[in-house]
Structures are given as C-alpha cells and as structure tokens.
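The next block holds one structure in the form of structure tokens; read it before the comments.
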Amino acid sequence: MAATQQTEFQKNFRLIVEKIFNNWQNLRLAVEHGMGGRNGQQVAIQIMDYTYQYCVGNENITQGELQEVLEELMDQEFNTLCDDNSIPEICRNLLRYKQMAQQNQYPEIETELSKLPPGKEWLRPDVKVTYTPVDGDSSSDDDEDMDEDGDDDDDEIDESEEDEAPSGSGRVTRSQTRKQKAGEFVEPEDGWTTVRRK
C-alpha cells in the first residue's frame, strides 16, 4: 500500500472504529454505571484507541484474537462480561471493514454504518458522561471530581434510577446481581448483575 493510501486508510478506519465504539451499548452502560470508576469514559476511549492500533498494527488478526483482547479489556478495566454476542459482532465488523477499507470500498462501508442507530458521539474528552458510582468505589465520597474546565462534577444519577436496568443489553457486571425468574427480579449471590436482552 502506498504511503498516501496508507494514511487515507488509517484516517478512514479510525472513523469507522469510532462509529462502532460510539454505538456499543455495553461499553456505554459500563461507563454510565461507574464500572470504570471516575475515569471510566477515559478508559473507554483508551480501549477504543488500543483496538484501533491493534487492528492497524497487525496484518492477519483473527476474529478470535481480537475478541479475546476486547473481552479481556472489558473484564480488566470495567469488571464486565458481555454475554450478548456484542463483542464477536464488533470484532467481525471491525475486521471486515478493515479489509473493505484497504480495498477502498468506503461508499459500501458508509452505507452499512449509516444503518446504525443515530446517537451522540460520547467517546470524546469534550463530552461529559454522567455515571453512578459503584458501591465500594474508594475514589468517591470525600474527593471532589473536577472536569477539565475545573467545574465540580455533581452530575451523579440518583440511585433509584439504577434500579431501572436498561433492557436490550446482555451486560453482566460483578457489582450488583439480578436474575429474572418467573417474571420478577430476584437478588442472587452478591457481586453479579445480569441485564437481559429484550
């Protein structure tokens, strides 16, 4: 690939990765529920950046390898396991779009990405994401959270809202647990939360 083509590919593939990650509901939920702590949004941006670098820096990545990397990052950084097949789908699409981008098939990629639900780009440092701290978050109570502008961060979500677990995610976290049995939620063993698909 010529240097100009390589630069064009990297620029366009970066936009593709950003679009996919900004639409990844499980990652956003992990950030909003405070699974990554106060810096969860920054951690999510770093995961997106790392995934981009990993895809661009390695020629023959298999879907399984990329999937393992993302699963490990979600587990380590957000203490979250995704059981809704979102990670395999993301990995499959990233590798497919990478191949299409290398073949200059940008109109086809744009057509497919335009079918994603419209949403706000939240994986940027200038966008503020409100989160609910997890119980036992040692960095919460006494410390003041300041954003880059020096403003206090008092945008925490009321804990009663946390009980309204969004359906449509398949996200499993280790902070709180709920299992659905006979149409009602039952609190099982401590340390796990299951958010079921619709």
Flag if residue 61 is under 22 Å from residue 119 (Cα atoms) and among the β-branched types (Val, Ile, Thr): no
Members of the stretch 94-106 that are over 23 Å from residue 68 (Cα atoms) and open to solvent by 90 Å² or more (accessible area, probe 1.4 Å): 103, 104
Within the stretch 1-53, tally of residues that are part of a loop (DSSP other than H, G, I, E, B), within 21 Å of residue 82 (Cα to Cα) and open to solvent by 30 Å² or more (accessible area, probe 1.4 Å): 2
Residue check for residue 63: open to solvent by 60 Å² or more (accessible area, probe 1.4 Å), out of contact with any strand residue (DSSP E or B) (no Cβ under 9 Å at 6 or more places or on another chain) and touching a residue at least 60 places away in the same chain (Cβ under 8 Å): no
Test: residue in the stretch 100-109 that is under 30 Å from residue 130 (Cβ atoms), touching a helix residue (DSSP H, G or I) at 6+ places or on another chain (Cβ under 9 Å) and at pLDDT 95 or above: no
Complete set of residues in the stretch 74-91 that are open to solvent by 70 Å² or more (accessible area, probe 1.4 Å), more than 15 Å from residue 23 (Cα to Cα) and modelled with pLDDT of 95 or more: 76, 77
Residue ID - nearest to the chain's Cα centre (by Cα), chosen from residues in the stretch 57-73 that are among the charged types (D, E, K, R) and modelled with pLDDT of 95 or more: 71
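The values are calculated or read from the model by the stated rules, or taken from the named source; none is laboratory data. This one's a predicted model, so the numbers in the text were calculated from it and none came from an experiment. Counting neighbours? That spans all protein chains shown, and the Cβs are built from the backbone with ideal geometry, glycine included. For accessibility, only protein heavy atoms count, side chains too; no ligands or nucleic acids. Shrake-Rupley method; radii C 1.70, N 1.55, O 1.52, S 1.80 Å.
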